[in-house]
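Presented below is the structure to which this report refers.
The values are calculated or read from the model by the stated rules, or taken from the named source; none is laboratory data. Just so we're clear, the structure is a prediction, and the values are computed from it rather than from any experiment. Note that we place each Cβ from the backbone using ideal geometry, even for glycine, and neighbour counts take in every protein chain shown. We work out accessible area using only protein heavy atoms, side chains counted, and drop any ligands, DNA or RNA first. Shrake-Rupley method; radii C 1.70, N 1.55, O 1.52, S 1.80 Å.
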Amino acid sequence: MAAINKNDIDPGKRTCDLNRYIELLEKEDIEVPFKQRIRQINNTRIQFKHYGVCPDPSEALRFEEATKAFLNQFLLQCFDLEIEQVSLCSLIEDDELRSILSQAEDNLNSQDLSGCLVHLCAAKTIIFARHAKLLKPPRTGSTGHDQGIKDIVQNSIKPLETVAIAGVLGINAFELRKILPLPSASKKQDGEWNAVFHAPFWNSETLADRDLALETLDILVSISIRIEESLKPVRYGREWMNAFY
């Protein structure tokens, strides 16, 4: 569909399926690579979704290989893009979060896991700090003794606050379990972020685990996009995020 839109092809009023999309493109002399394999994948998808017919696991793995090959060739052919250039981070509208998570992705791709983890901590800190305002109680006058008690109570319920914010933001239990170990980050005067990673979770193994960093990055990018989508109904012009916060 993206290729059809880019080439100003009218799909017509009738409901289109994959085969129809391929026909429309080929009428304009736009060749679709691996089209027989893609058709087979689509037919298998229909059988699974509507009739519960599962493909053989080995066949499913070949589908993955064929899909990657299709995307690699078709993106380059139609959009002059390599698949490595396509990042979900670009879908994040908030400038600060997009910049931080893009930097984390760049760090990961350059094998700078330390830098990646620090920027992931920064993203998590920003997301939770902003939305913690939703749970702040109204300010009231208090004596020094009362303030001490209040601080003790607030510290004791801090984990519950985190879970409450996660619930408001639609972060599921699996995602929360993955991002909770990330420590809070602080921003230095030069604009760089800093985070201290404590044992027992953080050790020489977890700090060098690229798969863990990648999974955490994917989760934070997904959370950021979902939050923005959920806030679209209250959007106020270009500064809608600032208006909300």
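Values computed for the structure shown
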| item | result |
| --- | --- |
| Search result, residues across segment 111-144 that are open to solvent by 10 Å² or more (accessible area, probe 1.4 Å), of a type in the set (G, A, S) and modelled with pLDDT of 95 or more | S114, G115 |
| Where a residue in segment 176-192 is under 18 Å from L212 (Cα atoms) and its partner, wherever it lies, is open to solvent by 100 Å² or more (accessible area, probe 1.4 Å), with Cβ under 9 Å and at least six apart | P183/H198 |
| Lone unmet requirement of (1) assigned to a loop (DSSP other than H, G, I, E, B); (2) of a type outside the set (F, W, Y); (3) modelled with pLDDT of 95 or more for D190 | (3) |
| Close pairs from segment 50-66: first on the phi < 0 side of the Ramachandran plot, partner open to solvent by 50 Å² or more (accessible area, probe 1.4 Å), Cβ under 7 Å, at least 6 apart | V53/Q47; C54/F48; P55/F48; A66/F34; A66/R37 |
| Residue list for segment 38-58, filter: open to solvent by 60 Å² or more (accessible area, probe 1.4 Å) and either within 20 Å of Q77 (Cα to Cα) or part of a loop (DSSP other than H, G, I, E, B) (or both) | V53, C54, D56 |
| Subset of segment 187-217 that is among the small types (G, A, S) and over 22 Å from the mean Cα position of the chain (by Cα) - its residue that is farthest from L88 (Cα to Cα) | A199 |
| Exclusive hit being open to solvent by 60 Å² or more (accessible area, probe 1.4 Å), more than 26 Å from G115 (Cα to Cα) and in contact (Cβ under 8 Å) with a residue 24 or more places away in the chain, set V163, V168, V153 | V168 |
| Flag for Q103 being out of contact with any helix residue (DSSP H, G or I) (no Cβ under 7 Å at 6 or more places or on another chain) and open to solvent by 50 Å² or more (accessible area, probe 1.4 Å) | no |
| Subset of segment 193-205 [more than 17 Å from Q103 (Cα to Cα), touching a residue at least 12 places away in the same chain (Cβ under 8 Å) and open to solvent by less than 100 Å² (accessible area, probe 1.4 Å)] | V196, F197, F201, W202 |
| Residue among L231, L214 that alone is at pLDDT below 90, closer than 21 Å to S102 by Cβ and surrounded by 12 or more Cβ atoms within 10 Å (Cβ to Cβ) | L231 |
